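Chemist: Mind having a look at this structure? Questions to follow.
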């Protein structure tokens, strides 16, 4: 499925929801649309086996991964979280919130925009802009916006970013992730150290946000910060591995060693 096809699938499901379609109709259409991830799920089978072995078997990995993408489509179409539930003890000012791609993450984007977070994204999709408002989104890959992140950090604005992928042109360090030496984002951690941010590794359990780890990046080398974040996200993925949406592209980050 291409990015354009994914956006169209989400928009189709949103249109069904707004038209008053029954839940059975919406579920049935989501099953059909999720078949567009066939190639993605087949690649996920192979990468999964390289990291975690043969259990569950490849057929089960395939169908579970398709189901995870179906849940993602529905979450993105609905786009509304469960209300303003901020974990106890979390201060938003100078907070760097680091998450991962699980199927329900789109349900929390609206909440994060209401909390004033700047959401760093690799592209600004129509469904995401509709959910959060365009001002909440910053395409970190757009050269025209290369000052937006330092300005936000200097102002102390809370920031959210996914930390379970690293683009080839991103500043990175190498740490272990799912048993492999893996390129891991490093640039944002350098900024967090410089501007006195607190890092919060976040996820959702039973419909509520949870903090997996919290620390001050200025107190550790960037490599140790990356290791801690990777370890927390890896532990969360392993709770139900086939639901991690980025299995198909995990190998893009693998390196031959620690250096």
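Only the coordinates and a few stated rules stand behind these numbers; no lab work does. Keep in mind that what you see is a predicted model, and the values were worked out from it rather than measured.
Chemist: Give, in nm to one decimal, the length gained when the segment between residue 38 and residue 224 is fully stretched (0.36 nm per residue of separation minus the Cα-Cα distance).
Modeler: Contour length minus Cα-Cα distance gives 63.3 nm.
Chemist: Pick the calculated Cα Rg over 2.2 N^0.38 Å for this structure from [x] 1.41; [y] 1.00; [z] 1.16?
Modeler: Computing Cα Rg over 2.2 N^0.38 Å and matching it to [x] 1.41; [y] 1.00; [z] 1.16 gives [y].
Chemist: Measure out, as a whole number of angstrom, how far apart the alpha-carbon centroids of the stretch 107-124 and the stretch 214-259 sit.
Modeler: 21 Å
Chemist: With runs of 4+ DSSP H residues as the only contributors, calculate the mean residue ellipticity of the chain at 222 nm using -39,500 (n - 2.57) per run, divided by the residue total and rounded to the nearest 500.
Modeler: -13000 deg cm²/dmol
Chemist: Further question: For the stretch 95-243, rounded, prolate or oblate, judged on the Cα gyration tensor with a ≥ b ≥ c (square roots of eigenvalues), a/c < 1.5 rounded, else prolate if a/b > b/c?
Modeler: Cα axes put the stretch 95-243 in the rounded bin.
Chemist: Given the options 177, 220, 102, state which has the largest fluctuation in a GNM of the chain using a 10 Å cut-off (strictly under) for Cα springs.
Modeler: Its mean-square fluctuation being the largest, the pick is 220.
Chemist: Using a Gaussian network for the chain with springs between C-alpha atoms less than 10 Å apart, which of these wobbles most: 205, 14, 180?
Modeler: Maximum among the listed residues: 205.
Chemist: To continue, here is another question. Please check: in the Gaussian network model of the chain (C-alpha springs, under 10 Å), which one of 241, 168, 143 has the largest mean-square fluctuation.
Modeler: Taking springs between Cα atoms under 10 Å, the residue moving most is 143.
Chemist: Which of rounded, prolate or oblate describes the stretch 186-259 when judged by the alpha-carbon gyration tensor and an a/c cut-off of 1.5?
Modeler: Oblate, because a/c is 1.5 or more while a/b does not exceed b/c.
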